Amino acid sequence: MSEIEKLLNPSDFEAFQKKIVEGRDPNRTAVAVCSGPGCLAYASGKVFDRFKVELLESGLAEEVTLAQTGCHGFCERGPSVVILPDEICYLRVSPDDVKEIIETTLRGGGIVERLLYKGEDGLPVQKESDIPFYKHQQKVVFGDNKRIDPRSIDDYIARGGYTALVKAITTMSPETVIAEVKESGLRGRGGGGFPAGAKWEATAKPPADTRYVIVNADEGDPGAYMDRGILEGNPHSVIEGLMIGGYAIGANEGYIYVRQEYPLAIDNVLYALEVLREIGLLGENILGTGFNFDIIVHKGAGAFVSGESSALMSAIEGRVGEPRPKYIRTSISGLRGKPSCLNNVETWANVPLIINKGADWFKSIGTEGSKGTKIFSLVGNVKNTGLVEVPMGMTLRQIIFDIGGGIRDDKEFKAVQTGGPSGGVIPEDMLDLHVDYDELYAAGSMMGSGGMIVMDKDTCMVNVAKYFLEFLSDESCGKCVPCRDGIDQLLEVLQRLTSGNALEEDLELIEDISLMMKECALCGLGQSAPNPVLSSIKYFKDEYIAHIAEKRCPGGVCKALIAYTIDKEKCIGCGKCMKVCPVAAITGEKKSPHKINNALCVKCDSCYQECPAKVQAVTKIRQADVITAFATSEEAANE
Amino acid sequence: MSEIKLKINGEEVTAEPGTMLLDAARKAGAEIPTLCNLEGLEPFGACRLCVVELIRGGRSRIVASCLYPVEEGIDVLTESEKVVRYRRNILELLEARWPLIDKALLEKYKVNTGRMARRDNFCIMCGICVRHCSERRKLNVLGFVGRGIERQVVSYTMRAKEFCPECFDKELSCLKFCPTGVIVNDCATRCPASRDEEAFAKPIRVRDDDNAIAVKKSLGDL
Amino acid sequence: MLGKLAAVDKIIEAHGSEREGLIQILLDIQREFRWLPKDILEHVSKRLDVPINYIYNLTTFYAHFSLVPKGRHSMHVCMGTACHVRGAERLLERTSKVLGIKPGQTSRDEKFSLDTVNCLGACALGPVMIADDEYLSNPTMEDIRRKADSCE
């Protein structure tokens, strides 16, 4: 897009789109280097740089398109490189592999087999969509990432971008747009799952001279990065959705509230907005339709509570992000006291698809109460970590085992946590639960923004509950008593539990505080704060009891309750544990059983992790048993 | 606009639109405890002691009455079993912070003290002093800092020197409104407002002595 | 001194000197100076006509702001849930031990700051930390020491 001409009417846009599409050869070879946060951490930037240099040197630079794209999803095996149009997927690509890829695949049309995915059967898989991780997914919102350079509006338009906006503002009335979104059954992807269409309608209704539409990109759930993946990889899809929303609701100004920890997302969005203004798709009288719209990016300074809609709006106004105490919906009085509609990134990104493909298409995906797809960040003790998009209604088992490949190191599954700090844990016997808003809620958890943290048998559920409360005690705004002091006291009880000092009646205390918080706290953060504790007590009460009655941590995590010992029968005397011990608590001769001095041990877990999986001589025992263990052992008697 | 009809503890009452449930209920003779509410200041909704049970169309929910405006046809229960239980729990939390809490209140709600960890810091963060100073007096001597359990009230020394004499010992003084009575009783050591920036910078961002040096440096950087 | 405030003025003007832009202004100042010195906050207070108590309320509320100087090198240990179940607490302990400072602190020579973050979005590498710009996946004490020694 060298010379910029403003698009003045719908036919200008059509011509513009036609030119882009016609100028493209669908069979042209393209190299998509994933630059999602996971791959970047694996230094995919260096892979891209090497491609740039080597393509020039090989003389293929003219024939091959090279792009640094957003997240492809399979973070576990990053950096990932996909060669289009054949979708050849290379994983764990290092800069040194680049030359071989260029020579073998780009020039020779062959395959670099060692970089392909290999399944459990050891057979290599060539095409990305045949890899089990991708095979069971349905990529509707997230699918275009590998085909789009987030800095290229041409790429987006070539994939049909902005046609939904043009369709809406030229052929549909605001009311029909809202009706379509309502009909689709789209529910908010950020938390509670409020129907988006109803929210739009409520914002459009009250008489007002100004209204606002807002993107919540303050993704705060620890362990969740879907919104980042969309915003970094396909910023235009979110912008287009927001614009359609602005048209439907009657807003001329939109805000994108994005956390400052996502600099690439901010850059890509700002760049996209700049381009849109230049070509006239943003600003006054868009395509001559009389629709005026502009978007402002607001950086968030770090506060989880800003996910609460009124708190986020306070933050945009430059104020402390405390939730507003009044019982007035933001759809009536939101940003600057005007009707405002806030949806999260993924919700907005679904809108262009609904307008283009229709509510009936959208409704055909999903379950009775939850339509469409949902992106999850499948993380924790799972083999295939990454971002996955699946139709609503898929079971947890399918997601964790078919897509996620099961538990890391083939350990036993214990629980999966969904819904972030406001959600809950789900045990093994509920793995066949269909993932949708209502089923998750009924199970004591929630959809939330889409974090799905898998936990293996070495996880302590009490410790996990404590982890979430610690997170929330940091993030509570501290204004109301139930949330501020409630979390503080709950945390105190959990501290007692994990240190083996809790009593049976502490469970009752947890319940008293929690129930009160759920109904009396000022905002959603406080009301949902007890969920992680309540749900883990619900499903893993035996673990709580073990901490209280036996002073035992079944997961082997709570330091005060565990001790390390080496099984004499199993130890092969390889010396690995001894080498890794930071306090020299382990002694022993080569090839003979080693020993841990519990008085010196700082329980850093290094020896446990270092001991070869086949040997497993380092084991965890109850701290309370340490004295007895020593008293009965011969060595102890001699010392 | 016409008056709104609603029921409070079964009695039919009328109220002006915009009236908060707390005021309507008190007018109807209900006793509702509050700590962060003060006439003339914007309702704050922090102490949550004023929670009531609201029934509309057969569905019940708990709301803070100081912030919920009257609505046509609702049923408000100010002493339902749930409300009493929740107030008891909230008072239990408050007592852990504030040992001088009104004993009659604890007795009325049969509060079981001693279960919570002690957190005696005497300030319950009702924010009345801060709001009085900024909203009503427009002096901005006091303010909140931090969030979560670390949130606290501080005073800004330079402003205090300049503006506190304007109020001190007069009817307008923030001391007169502190519901804990702590400011009046033991101003020098317990009033959170007796801390200055130097004191608050420490607990907020810095957690031990190593960094106190850094703080001193930052404050000396004037 | 004048130069410092001039830089602040430039930031304020870029945001239209509006009170609504306060958070954006403070973010830019934080980026420029790596922390928010008191004199600068007082200057902002005057320029935007925002009371100082309001500014401190804000700067102590949002996690990104720092009222003490930060080290020249930042070490961030991810405390996201995915990292937590893979041993983030132990990684934080190791890092803390190597650097000799606790989370939230800056070393006496202002060389290092150790902080925690809620999620780095690099869950596949968990437990993960980021040392300046380099991601370290479950580093041992030795790895961390090597990285720290390589910092100027």
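Could you work out, residue by residue across B:50-57, how many beta carbons of other chains sit within 10 Å of that residue's beta carbon, and then give the average as an integer?
1
Taking only the Cα atoms of the range A:562-637, how large is their convex hull per residue, in Å³?
Value for the range A:562-637: 83 Å³ per residue.
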Report summary line: Note: B:137-143 gets an average of partner chain Cβ contacts (10 Å, Cβ to Cβ) equal to 3
Requested in this report: Determine the shielding of peptide A:545-553 by partner chains: average, over its residues, the number of Cβ atoms on other chains within 10 angstrom of each Cβ.
Outcome: 0
Requested in this report: Please list the radius of gyration and Dmax for the range A:398-543, considering alpha-carbon atoms only, with Å as the unit.
Outcome: 15.2, 45
Query raised in the report: What fraction of the DSSP beta bridges in the protein assembly as shown is antiparallel, stated in percent and rounded to the nearest 5?
Result: 65 percent
Query raised in the report: So, counting K/R as plus one and D/E as minus one, what does the shell of residues with Cβ under 12 Å around A:Leu55 add up to?
Result: -2
Requested in this report: With unit charges on the beta carbon (Lys/Arg positive, Asp/Glu negative), name the residue among A:Ala179, B:Thr157, C:Tyr56 whose Cα is farthest towards the positive pole of the charge dipole of the protein assembly as shown.
Outcome: B:Thr157
Query raised in the report: Can you flag which of B:Lys27/B:Lys108; B:Lys27/B:Lys110; B:Lys103/B:Lys138; A:Lys299/A:Lys326 are past 29 Å Cα-Cα?
Result: B:Lys103/B:Lys138
Report task. Select from A:Ile169, A:Gly254, A:Ala315 the residue farthest towards the positive end of the dipole of the protein assembly as shown; place +1 on Cβ of Lys and Arg, -1 on Cβ of Asp and Glu, and compute about the Cα centre. Result -> A:Ala315
Query - Top positive-direction residue, dipole computed over the protein assembly as shown with Cβ charges, set A:Gly393, B:Leu142, C:Ala7 - result: B:Leu142
Report summary line: Applied in sequence order to the range B:155-165, the curve 6.51 cos²θ - 1.76 cosθ + 1.60 (Karplus, θ = phi - 60°) yields integer Hz couplings, x standing for Gly and Pro, of 10, 9, 3, 4, 6, 4, 4, 6, 9, 4, x
Report task. Based on the mean of other Cβ atoms within 10 Å per residue, sort peptides A:337-350, C:83-96, A:404-417, A:182-195 so the most packed one is first. Result -> A:337-350, C:83-96, A:182-195, A:404-417
Query - Over the range A:160-363: Kirkwood hydrodynamic radius from C-alpha pairwise inverse distances, Å - result: 16.6 Å
Query raised in the report: Along the three principal axes, how long is the protein assembly as shown when you take its alpha carbons, biggest first, rounded to the nearest angstrom?
Result: 93, 89, 65
Requested in this report: Distance from a point 7 Å along Cα→Cβ of A:Asp121 to each backbone N in the range A:397-418: keep the residues under 20 Å and list them by number.
Outcome: A:401-406
Report summary line: Among C:Asp109, C:Asp132, C:Asp28, the residue with the largest mean-square fluctuation in a Gaussian network model of chain C built from Cα contacts under 10 Å is C:Asp109
Query raised in the report: Which value, in Å³ per residue, describes the convex hull spanned by the Cα atoms of the range A:373-459?
Result: 75 Å³
Requested in this report: Please turn the phi angles of the range B:40-55 into ³J(HN,Hα) values with the Karplus equation 6.51 cos²θ - 1.76 cosθ + 1.60 (θ = phi - 60°), one per residue in order, whole Hz, x for glycine and proline.
Outcome: x, 9, 4, x, 10, x, 9, 7, 6, 5, 7, 4, 9, 9, 10, 10
Query raised in the report: For the range A:254-381, what relative contact order do you get, as a whole percent, if you take Cα pairs closer than 8 Å and at least 6 residues apart?
Result: 15 percent
Requested in this report: Can you check what the net charge comes to around A:Val21, using other residues whose Cβ is under 14 Å from the Cβ of A:Val21 (Lys, Arg +1; Asp, Glu -1)?
Outcome: +1
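Any number yet on Rg/Rh for chain C, C-alpha, Kirkwood?
1.05
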Requested in this report: Just report the Cα centroid separation between the range C:77-152 and the range A:157-178, whole Å.
Outcome: 47 Å
Query raised in the report: Expressed as a whole number of Å, what is the distance separating the alpha-carbon centroids of the range C:23-53 and the range A:204-267?
Result: 27 Å
Query raised in the report: Over all pairs of distinct alpha carbons, what does the Kirkwood formula give as the hydrodynamic radius of the range A:462-549, in Å?
Result: 12.6 Å
**Report entry** Share of Cα-Cα pairs in the range A:27-130 lying beyond 23 Å, as whole percent
**Finding:** 17 percent
Query raised in the report: Counting Lys and Arg as +1 and Asp and Glu as -1, each charge on the Cβ, what is the dipole of the protein assembly as shown about the Cα centre in debye, to the nearest 20?
Result: 1620 debye
**Report entry** Distance between the range A:471-506 and the range A:305-366 - C-alpha centres, whole angstrom
**Finding:** 31 Å
Report task. Hey, can you grab everything whose amide H is under 5 Å from the amide H of B:Phe44? Only 5+ residues off in sequence or another chain; H modelled, so Pro and N-termini drop out. Result -> none
Report summary line: So the pair-distance distribution of the range C:73-150, from every Cα-Cα distance in 5 Å bins, comes to percents of 3, 19, 32, 26, 15, 4, 1
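By per-residue mean of other Cβ atoms within 10 Å, what is the highest-first order of A:211-219, A:272-280, A:547-555?
A:211-219, A:547-555, A:272-280
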Report task. Output the antiparallel fraction of DSSP beta bridges having both residues in the range C:73-150, as a percent to the nearest 5. Result -> 55 percent
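We did not get these values from a lab; they are worked out from the coordinates using the rules stated. Quantities reported herein were computed from a predicted structural model and do not represent experimental measurements. Cβ sites come from the backbone with ideal geometry, for glycine too, and all protein chains shown count toward neighbours.
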